[in-house]
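Colleague: Following this message is one structure expressed as structure tokens.
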Amino acid sequence: MKVFNMSSAKGKKVNIYLIIGAVMTGIIVVMAIVGIFWTPYSTTAMSAKERFAAPSWQHLFGTDNFGRDIFSRVMKAVGTSALISVLVVAISAVAGIVLGAITGYFGGVVDAVVMRIVDAINGFPSILLALVIISLLGKGRQNVVLALAIAFTPSFVRIVRGEFIRLRDADYVVRARLMGVAKPRILFVHILPNIFSTFWVSVTIGLNNAILAESGLSYLGIGVQAPDATLGSLLSDAQASLASSPWYALAPGLTIVWTVLGVAMLSEGIGKLKK
Amino acid sequence: MISIDNLTISFSGKKAVDGISLQIEPGEILGLVGESGSGKSVTALTLMGLLASEGVMETGTIDFNGTCLLKAGVKPDQKLLRSFRGDQMSMIFQEPMTSLNPTMKVGPQIDEQLLLHAKDDFKSAEERKKRVLETLEGVGLRDVEKVYDSYPHQLSGGMRQRAMIAMAVILHPALIIADEPTTALDVTIQNQIVKLLKEIRDREQNSMIFITHDLNLARRICTKLAVMKDGKIVELGSTEEIFTNPQTDYAKKLIAAVPGRKNSKSAVHREIERIEPILTVKDLNVFYKERSKKLFGKTEHKCVVKNADFEIYPGETLGLVGESGCGKTSLCKAILGINNDITGNVKISTVRPQMVFQDPYSSLNPSKSIGWLLEEPLRAEDILEKSIKYTKETRKEMAIDMLRRVGLDEYYYDRMPHQLSGGQRQRVSIGQALITKPSLILADEPVSALDVTIQDQVLELLESLQEEYGLAYLFISHDINVIYRVSDRIMVMKKGEILEIGDRDQLFDNPKHPYTKELLAES
């Protein structure tokens, strides 16, 4: 009965999620990009006179225990954090698509084996798993990315696999088979574009989780090593002076919250756009 | 008894029902017929006071035996409506699976009507149960005690619809609204339900509003017809009058489009030279793997098509008719080689035969443009044969040429499937099947999801393409009237077995198998 689904066409609704999300994410992206080329102060310039200075017009977010400008350090850290999370999601999303497509479409033994491995990985909390991998591979930026990518892959595999199972017997896929379309082409040309709306949501959620997971690792001291900084490592450094100079911890902390919220709003907004 | 006067209903400014007036007398069965979106269901739902909240009643009144039920501009009296619903008027929906509550047993569900509207008439629960059982018997159910204690999923579709009808008639309402009550059911069950509704009407002299898109069905059951189009009633009169002498152009078009023996479009009898079959099926058994429900149980092979044995010759249409689940689609898949779990022989003497599916909404990839979809079979052929027969330009040319042949034009080349109507999509579907020039097409209910006039157009297209290319069709349908129109020969299937196969007119004039007779009873 179509009657009940008629949309209320009271003019186009303003997609508030999309606007706010885009603005919030945009600020972070601009900060990260500018941070690559220019920061107000050098991130390594120390100043004994200005140790633990409170936020002021000279130092927007104040200075740290070495008298370094926290705003400049956050700008750099955002870039590193974002790069890591994008890489993590990119790697695990591609792995998820390939594994999910194959297991979902073909089923059978391959499916059973791959999915049990995926289950096994899923059985560990992702941070714990990353810890184990890093302790095996050693610290360093690449290893953080690799460890988190392995930990993040299972959720993508599950989502892609579910969608492929749903679509593998759709009429248009059966027709493609009848035309004699080769299997890889069916998987990646015929089916894949149809799962993107679902996949997109998990990608944005994945981005957020990756930022948080990386921060967690850095906080535990096994993430990116000094003098490189990420939001998590800044937070970790700030811990010692939490009572005396709370702005040190607040700056990276709020930036994490801001980023995660912005990306979440953006994905919500894009999701609404599709409907 | 019931009078609807100048009713207009709009959804966000768009008129769904536009100034209709209707009177229904006791004992009358009024058929509301028309194509999807013509406002049939909205009218019925409004009458029940079930109009969706987005709907606005702009003008009009609805009177029921002198009581004003609804009036435009006046807030509906929900209490009054509730007292009428179930008691005075009731509704039968299309889908018996979703309109019964799956978590409640059938008996208590029907009993609820009595509890709500006539609690005081019964002294005890036993008495009410007795009444429910009587009603269940009255709608032709056997073993009513068992039905009473069954959950909806334990009953067949026909039984569920009977239970639904029992629920609708238990309080002897003056008006029963049936919204496509048989559309989800198999043909033979459909016949039984129609008979049952007529019996109830004869017994209780209540009036009925029968909503349907199936004009053959409307003709069999209704005494009066209202033909609706775009929210308006274009023609109103007795059923026979409208069928024999339609006044308006639209009604004429609609009735001319109804397939069946009486339709002039199906009168052509062609001579077909049957020398070399294009498809030979010999002793074909098709199996279906069924996982055992036990943890370590073996998967069972279920035979869904037994000893199929037939052939199709170039240029002819073989109609395949049977109920849902009789193995029609399994047979198709076996012929096309999608299901390899078969024994027996399938011999095809043409390039890859193609298939046209029932649902035009799921058979086109929603993320591709129409042009891409039409070209894909050509690309696939090239890749498959490792040749470069088609360049980008020839592909595009062929796609546009095909668009024209199926009655669309170049404009559609860049459109996406969701921008097209159901009929247009089915045309694209047919084009996609034809572009590699196979001489055999398997059409699985290709017009079942379409409105009757669109159905007519698509059938015409299939016929003209058949003539042009000398195509052979295996045409599957549950609708015997459509089958009659397109087929040269007809094959009747039930529970995986081919009961009868023969020349169309011979089969219609002289059906041998009792099941065939039952099927033909409604043509």
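The values are calculated or read from the model by the stated rules, or taken from the named source; none is laboratory data. Fair warning: this is a prediction, and the values are worked out from it, not measured in the lab. As a convention, Cβ positions derive from the backbone with ideal geometry for all residues, glycine included, and neighbour counts pool all protein chains shown.
Colleague: Given the conditions (1) more than 14 Å from chain A (Cβ to nearest Cβ); (2) outside any loop (DSSP other than H, G, I, E, B), report the number of the one that residue B:408 does not fulfil.
Modeller: (2)
For every residue, the table says whether it meets (1) under 16 Å from the mean Cα position of the chain (by Cα); (2) under 22 Å from residue B:37 (Cα atoms).
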{"residue": "B:187", "(1), (2)": "yes, no"}
{"residue": "B:191", "(1), (2)": "yes, no"}
{"residue": "B:196", "(1), (2)": "no, no"}
{"residue": "B:206", "(1), (2)": "no, no"}
{"residue": "B:209", "(1), (2)": "no, yes"}
{"residue": "B:213", "(1), (2)": "yes, yes"}
{"residue": "B:222", "(1), (2)": "no, yes"}
{"residue": "B:225", "(1), (2)": "no, yes"}
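Colleague: Conditions first: (1) in a loop (DSSP other than H, G, I, E, B); (2) under 16 Å from the mean Cα position of the chain (by Cα). Residue A:213 passes all but one, so which condition is the exception?
Modeller: That leaves (1) as the condition not met.
Colleague: Something else: Could you list, ordered by first residue, the pairs with Cβ atoms under 6 Å in which the first is in the stretch B:428-453 and on the phi > 0 side of the Ramachandran plot and the second is at pLDDT 90 or above and buried (at least 23 other Cβ atoms within 10 Å of the Cβ), at least 6 apart or interchain?
Modeller: Short answer, once both residue conditions are applied: B:445/B:476.
Colleague: For residue B:131, are the conditions met, namely being touching a residue at least 24 places away in the same chain (Cβ under 8 Å) and over 29 Å from residue B:213 (Cβ atoms)? Working first, answer last.
Modeller: Numbers: touching a residue at least 24 places away in the same chain (Cβ under 8 Å): yes; over 29 Å from residue B:213 (Cβ atoms): yes.
It is true that residue B:131 is touching a residue at least 24 places away in the same chain (Cβ under 8 Å) and over 29 Å from residue B:213 (Cβ atoms).
Colleague: On the basis of being in a helix (DSSP H, G or I) and more than 30 Å from residue A:219 (Cα to Cα), does residue A:144 make the cut?
Modeller: In short, no.
Colleague: State which residue is modelled with the lowest pLDDT when the search covers only the stretch B:275-291 and only residues that are of a type in the set (D, E, K, R) and in contact with a strand residue (DSSP E or B) (Cβ under 6 Å, 6 or more places away or on another chain).
Modeller: Restricting to residues being of a type in the set (D, E, K, R) and in contact with a strand residue (DSSP E or B) (Cβ under 6 Å, 6 or more places away or on another chain), the top hit is B:290.
Colleague: Oh, and also: Exactly one of (1) within 30 Å of residue B:384 (Cα to Cα); (2) buried (at least 19 other Cβ atoms within 10 Å of the Cβ) is unmet by residue A:224. Its number?
Modeller: (1)
Colleague: Of everything in the stretch A:184-201, what is more than 8 Å from chain B (Cβ to nearest Cβ) and either on the phi > 0 side of the Ramachandran plot or touching a residue at least 12 places away in the same chain (Cβ under 8 Å) (or both)? Give them in sequence order.
Modeller: A:186, A:187, A:188, A:191, A:192, A:195, A:197, A:198, A:199, A:200, A:201
Colleague: Taking the stretch A:147-173 on its own, how many of its residues are outside any helix (DSSP H, G or I) and either touching a residue at least 40 places away in the same chain (Cβ under 8 Å) or away from every other protein chain (no Cβ under 13 Å) (or both)?
Modeller: First, pick out the residues of the stretch A:147-173 that are outside any helix (DSSP H, G or I): A:168-170.
Subset that is either touching a residue at least 40 places away in the same chain (Cβ under 8 Å) or away from every other protein chain (no Cβ under 13 Å) (or both): A:168.
Counting residues in the stretch A:147-173 that are outside any helix (DSSP H, G or I) and either touching a residue at least 40 places away in the same chain (Cβ under 8 Å) or away from every other protein chain (no Cβ under 13 Å) (or both) gives 1.
Colleague: Determine if the stretch B:42-55 includes at least one residue that is over 19 Å from residue B:168 (Cα atoms) and either touching a Cys at 6+ places or on another chain (Cβ under 9 Å) or loosely packed, with under 15 Cβ neighbours inside 10 Å (or both).
Modeller: Yes.
Colleague: Kindly provide the set of residues from the stretch B:321-344 that are closer than 17 Å to residue B:475 by Cα, facing chain A (nearest Cβ under 9 Å) and touching a Lys or Arg at 6+ places or on another chain (Cβ under 8 Å), ordered by number. It would help to see each step written out before you state the result.
Modeller: Our first condition is that a residue be closer than 17 Å to residue B:475 by Cα; within the stretch B:321-344, this holds for B:321-336.
Next, from what is left, pick out any that are facing chain A (nearest Cβ under 9 Å): B:333, B:336.
None; the set is empty.
Colleague: What single numbered condition from (1) at pLDDT 85 or above; (2) in contact with a strand residue (DSSP E or B) (Cβ under 6 Å, 6 or more places away or on another chain); (3) within 14 Å of another protein chain (Cβ to nearest Cβ) fails to hold for residue B:299?
Modeller: (1)
Colleague: Filter the stretch B:228-245 down to the residues that are assigned to a strand (DSSP E or B) and within 22 Å of the chain's Cα centre (by Cα), then identify the one that is surrounded by the most Cβ atoms within 10 Å (Cβ to Cβ).
Modeller: Initially, the stretch B:228-245 is screened for residues assigned to a strand (DSSP E or B), giving B:228-229, B:232-238.
When the remaining residues are screened for being within 22 Å of the chain's Cα centre (by Cα), the result is B:228-229.
Details: B:228: 26, B:229: 20.
Step by step, filter the stretch B:228-245, then rank; the result is B:228.
Colleague: Go through (1) at pLDDT 85 or above; (2) more than 14 Å from chain B (Cβ to nearest Cβ); (3) under 18 Å from the mean Cα position of the chain (by Cα) one by one and return the number of the condition residue A:134 breaks.
Modeller: For residue A:134, the failing item is (3).
Colleague: Let me ask something else about it. I want to confirm something. Restricting to the stretch B:68-127 and keeping residues that are of a type in the set (Val, Ile, Thr) and at pLDDT below 85, which single residue is nearest to residue B:212 (Cα to Cα)? Break it down into steps so the answer makes sense when it comes.
Modeller: Going through the stretch B:68-127, the residues of a type in the set (Val, Ile, Thr) turn out to be B:74, B:92, B:98, B:103, B:106, B:110.
Subset that is at pLDDT below 85: B:74, B:98.
Working: B:74: 30, B:98: 19 Å.
Ranking the candidates gives B:98 first.
Colleague: Filter the stretch B:441-480 for residues that are more than 22 Å from residue B:420 (Cβ to Cβ) and surrounded by 23 or more Cβ atoms within 10 Å (Cβ to Cβ) and give the result.
Modeller: Within the stretch B:441-480, B:442, B:471, B:472, B:473, B:474, B:475, B:476, B:477, B:480 meet the criteria.
Here's the yes/no breakdown for (1) under 11 Å from the mean Cα position of the chain (by Cα); (2) over 26 Å from residue A:33 (Cβ atoms):
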| position | (1), (2) |
| --- | --- |
| A:69 | no, no |
| A:73 | no, no |
| A:77 | no, no |
| A:81 | yes, no |
| A:90 | yes, no |
| A:103 | no, yes |
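Colleague: Looking only at the stretch B:363-399, count every residue that is assigned to a loop (DSSP other than H, G, I, E, B) and either within 13 Å of chain A (Cβ to nearest Cβ) or of a type outside the set (Lys, Arg) (or both) and tell me the total. Break it down stepwise before answering.
Modeller: Initially, the stretch B:363-399 is screened for residues assigned to a loop (DSSP other than H, G, I, E, B), giving B:363-369, B:386-391.
Keeping just the survivors that are either within 13 Å of chain A (Cβ to nearest Cβ) or of a type outside the set (Lys, Arg) (or both) gives B:363-369, B:386-388, B:390-391.
Residues meeting the conditions: 12.
Colleague: When you look at residue B:347, is it under 20 Å from residue B:416 (Cβ atoms) and either within 14 Å of chain A (Cβ to nearest Cβ) or at pLDDT below 90 (or both), yes or no?
Modeller: Details: under 20 Å from residue B:416 (Cβ atoms): no; either within 14 Å of chain A (Cβ to nearest Cβ) or at pLDDT below 90 (or both): yes.
The answer is no for residue B:347.
Colleague: Can you list residue pairs whose Cβ atoms sit under 6 Å apart, with the first residue in the stretch A:49-60 being surrounded by 12 or more Cβ atoms within 10 Å (Cβ to Cβ) and the second being among the β-branched types (Val, Ile, Thr)? Count only pairs 6 or more apart in sequence or on different chains.
Modeller: A:50/A:63; A:53/A:63
Colleague: Restricting the stretch B:113-139 to residues that are surrounded by fewer than 17 Cβ atoms within 10 Å (Cβ to Cβ) and closer than 24 Å to residue B:179 by Cα, which is nearest to the chain's Cα centre (by Cα)?
Modeller: So in the stretch B:113-139, the residues surrounded by fewer than 17 Cβ atoms within 10 Å (Cβ to Cβ) come out as B:115-116, B:118-127, B:130, B:134, B:137.
Applying the additional criterion that residues be closer than 24 Å to residue B:179 by Cα yields B:116, B:137.
Values: B:116: 34, B:137: 28 Å.
The extreme case among them is B:137.
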